[in-house]
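Shown next, in structure tokens, is the structure this report addresses.
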Amino acid sequence: MTDTPTPPPPGQPAAAMPQRIDRPGFFTRVLHWLIDDPVAAIGLVVLIVICSCAVFADQIAPYDPSLQDYAAMLEPPSAAHLLGTDDLGRDVFSRLIHGASASIYAAVLAVGVATVLGVPVGLIAGYAGGWVDEVISRILDTFLSFPAIVLAIAVTGVLGIGLTNAMLSVGIVFAPQLARLVRARALVLKQELYVEASQCFGASPGWILRRHILPNAIQPVLVQITLLMAVALLAEASLSFLGLGMQPPDPSWGSMIARAYIYAQISPAQMYAPGIAILVTALAFNTVGESLREALDPTSRH
Amino acid sequence: MLNTVQRKMLTRRLLQTIPVILLATFSVFMLLKLLPGDVAVTLAGENATVERIEEIRSQRGLDQPLLVQYGQWVLGAVQGDLSESLLSGEPVSTTLARVFPNTLFIVLYAVALSVLVGVPFGILAASRAGGIIDRLVMVLTSVGVALPNFWIAMIFVVIFALNRSWFPATGFVSPFEDPLAALWYATLPAVALAASGMAEVARQLRSSLVETLQSQHFRTLHAKGLPFRSILWKHGLRNVSVNLLTVISLLVNRTLAATVVVEVVFAIPGMGNTIVNATLQRDFPVVQGAVLVMVLTVITVNLVTDVLYSILDPRIAQR
């Protein structure tokens, strides 16, 4: 939240800026959180490393991920090829680094779609209540009944096979989870005194939702978004494994595993690296998410 | 057996399911409408004559208004008519009736394993919260939840099927033909699916048990001198058994989705392989039918859970 005072819209009350006393700054609080929970700090470092790999893949990877070398096929790890080569002589380490882009892109896309769709819908359902809530809740129930991976497979089949279509549909299935969360918060928050006060002063519903409800509902959403990243990552891996996500020759961890499985008897080591990459990334998202939940909500501590 | 409040609650729940089923079936119906271009041309396949396309159009009622088409599709589906596969010409309902029990068998096997392993570990972890076992269970469950099912499935195949031939690497035997062989064939897929399932069960059971044991009611039991063991077994577990029901129903739904991918690893003739192959071969009626069955299964599981819930815990009905 930025604290720049925005001029109130005409006809609406000028919200008095409360004086914040002795509240440590954002970075101090993040620092305290990470010192309190070193495991989460490790998780965060892992995520930063993987995101850097995704962004700077071209600079970091020692080889072109699609460069085939028929003189060096299915080689074991060596100094030249840190993780060996695949069945087309491509450097597994370089493909692993480039695979991070696919995974992070897919996870961000799916969770982004879920947030953009889910949060406003949840806000409206919870704040409006009544029949609006009832209708929205049934729609949410419906989409919660679709197994994400099944819908993603079907939608890619219809719209055309590709990572973007697949992750868009995963995002649609995730949206109700966020919407439900926000709805539950909005139901509670709309009865708070400051919301009632705002209403008395004639503030519009949109202004109340933006100014009061959303900022107070954002913390559980943040936690859920982090946890959903892990689920989306696993969904991307599954879809690419099935050949419905990332298309060759672009590398993705899921499709690397699928290819390695064909040669499992000759070179079983091939399938370990991408699998561990998926596991570590998903684990990092989960660790950071769980830790955030505890840091933001002291009552959840056991 | 049920009081008025419970009956009212059940009626409300059943009524709520109706719009969900209507919306879900409508979404599945609309799936084919997402196809770019003329559906009749796509369904007719390559090199189809104009007459053939027109025949398909009128045969499938594609020239009717949308809602009429939906109504006809639902009426057909209720009577078991989900049209035919574009490739084999086999009725979709016949295909699904053949493969769905196989998927259900694997899912139930995996869920049973998850509960049988997850529950003891959850209790063990909660009874000594903060201890070594608890921390170990927490680490294992974190890893279990982040594991890609299909990857662990492959590792199992390499270790237990290719290196030591304890289990078959691929294939499936129907439990109706040979139950023992069916269990033997389904063990590796079920264990691969249960790897994250048992983690989920242990983690959820632990957290709700710890919460229950810390409540004032349990402090009182402790204060009146009841041994910890009987507090845990008699009172604690009874309190969390309802939570366990929710965990299991979530697990059934999640395992159902995860089987789709694991089935491909083991070449099991189930819903997963059917839906994936149909998608890759653009056999849309099969895709549509399979998605419909999966969604209806999830809705049914959720409904049954809620009904059991309100019977087991009458307090729920009063909310």
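The values are calculated or read from the model by the stated rules, or taken from the named source; none is laboratory data. All values reported here derive from a predicted model rather than from experimental measurement. Cβ: placed from backbone, ideal geometry, glycine included. Neighbour counts: every protein chain shown.
Give segment A:126-150 a look and list any residue that's in a loop (DSSP other than H, G, I, E, B) and either of a type outside the set (Ser, Thr, Tyr) or more than 20 Å from B:Val28 (Cβ to Cβ) (or both), or say none.
A:Gly129, A:Phe146, A:Pro147, listed by residue number.
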With criteria (1) more than 14 Å from chain A (Cβ to nearest Cβ); (2) farther than 30 Å from A:Ala235 by Cβ, B:Phe121 comes up short on (2)
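Are any of the residues in segment A:186-205 closer than 21 Å to B:Pro148 by Cβ and either part of a helix (DSSP H, G or I) or touching a strand residue (DSSP E or B) at 6+ places or on another chain (Cβ under 6 Å) (or both)?
Here is the first cut: in segment A:186-205, the ones closer than 21 Å to B:Pro148 by Cβ are none.
Within segment A:186-205, none of the residues are closer than 21 Å to B:Pro148 by Cβ and either part of a helix (DSSP H, G or I) or touching a strand residue (DSSP E or B) at 6+ places or on another chain (Cβ under 6 Å) (or both).
This table checks each residue for (1) more than 10 Å from chain A (Cβ to nearest Cβ); (2) out of contact with any Asp or Glu (no Cβ under 9 Å at 6 or more places or on another chain); (3) crowded, with 23+ Cβ neighbours inside 10 Å.
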residue: B:Phe160; (1), (2), (3): yes, yes, no
residue: B:Trp166; (1), (2), (3): yes, yes, no
residue: B:Ala169; (1), (2), (3): no, yes, no
residue: B:Ser196; (1), (2), (3): no, yes, yes
residue: B:Trp233; (1), (2), (3): yes, yes, no
residue: B:Leu237; (1), (2), (3): yes, yes, no
residue: B:Leu251; (1), (2), (3): yes, no, yes
residue: B:Leu256; (1), (2), (3): no, yes, yes
residue: B:Glu263; (1), (2), (3): yes, yes, yes
Quick count over segment A:250-262, residues being at the interface with another protein chain (Cβ under 10 Å from one of its Cβ atoms), in contact (Cβ under 8 Å) with a residue 40 or more places away in the chain and under 20 Å from the mean Cα position of the chain (by Cα), is 1
Looking at segment A:198-243 only, could you name the residues that are free of Cβ contacts under 8 Å to residues at least 24 places away in the same chain and touching a Pro at 6+ places or on another chain (Cβ under 9 Å)? A:Gln199, A:Phe241
So which helices (runs of 4 or more DSSP H) are wholly in segment B:230-319 and hold at least 1 residues that are over 19 Å from the mean Cα position of the chain (by Cα) and over 25 Å from B:Val201 (Cα atoms)? B:271-280, B:284-312, B:314-318
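Taking segment B:124-138, which residues are part of a loop (DSSP other than H, G, I, E, B) and more than 10 Å from chain A (Cβ to nearest Cβ)?
Just the residues of segment B:124-138 that are part of a loop (DSSP other than H, G, I, E, B), to begin with: B:128-131.
Within segment B:124-138, B:Arg128, B:Gly131 qualify.
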Scanning segment B:3-52 for residues that are within 14 Å of chain A (Cβ to nearest Cβ) and over 24 Å from A:Val158 (Cβ atoms), which turns out surrounded by the most Cβ atoms within 10 Å (Cβ to Cβ)? B:Thr17
Checking the structure you have, find out if any residue of segment A:272-284 is assigned to a helix (DSSP H, G or I), under 21 Å from B:Ala257 (Cα atoms) and without any contact (Cβ under 8 Å) to a residue 24 or more places away in the chain. yes
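Out of the residues in segment B:55-79 that are small (Gly, Ala, Ser) and at pLDDT below 85, state the one that is surrounded by the most Cβ atoms within 10 Å (Cβ to Cβ).
Kept after step one, since they are small (Gly, Ala, Ser), are these residues of segment B:55-79: B:58, B:61, B:71, B:76-77.
When the remaining residues are screened for being at pLDDT below 85, the result is B:58, B:61.
Details: B:Ser58: 11, B:Gly61: 14.
The residue in question is B:Gly61.
Here are some residues: A:Leu123, A:Leu83. Which one is in contact with a helix residue (DSSP H, G or I) (Cβ under 6 Å, 6 or more places away or on another chain) and in a loop (DSSP other than H, G, I, E, B)? Spell out the reasoning first.
Numbers: A:Leu123 fails: in a loop (DSSP other than H, G, I, E, B).
Exactly one residue qualifies, and that residue is A:Leu83.
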Can you tell which of A:Ile153, A:Ile225, A:Ile172 is more than 13 Å from chain B (Cβ to nearest Cβ) and part of a helix (DSSP H, G or I)? A:Ile225
Looking at segment B:139-156 only, could you name the residues that are more than 7 Å from chain A (Cβ to nearest Cβ) and in contact with a helix residue (DSSP H, G or I) (Cβ under 7 Å, 6 or more places away or on another chain)? B:Leu140, B:Thr141, B:Gly144, B:Asn149, B:Ile152, B:Ala153, B:Phe156
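Among A:Gln265, A:Gln247, which is the only one that is in contact (Cβ under 8 Å) with a residue 60 or more places away in the chain, in a loop (DSSP other than H, G, I, E, B) and surrounded by fewer than 22 Cβ atoms within 10 Å (Cβ to Cβ)? Walk me through it before giving the result.
Numbers: A:Gln265 fails: in contact (Cβ under 8 Å) with a residue 60 or more places away in the chain.
On inspection, the qualifying residue turns out to be A:Gln247.
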Boolean, A:Glu290 is out of contact with any His (no Cβ under 6 Å at 6 or more places or on another chain), among the charged types (D, E, K, R) and modelled with pLDDT of 90 or more: no
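Quick one: would you say A:Ala184 is modelled with pLDDT of 85 or more, surrounded by fewer than 16 Cβ atoms within 10 Å (Cβ to Cβ) and either within 25 Å of A:Ile172 (Cα to Cα) or within 14 Å of another protein chain (Cβ to nearest Cβ) (or both)? Outline the logic, then answer.
Values: modelled with pLDDT of 85 or more: yes; surrounded by fewer than 16 Cβ atoms within 10 Å (Cβ to Cβ): yes; either within 25 Å of A:Ile172 (Cα to Cα) or within 14 Å of another protein chain (Cβ to nearest Cβ) (or both): yes.
In short, yes.
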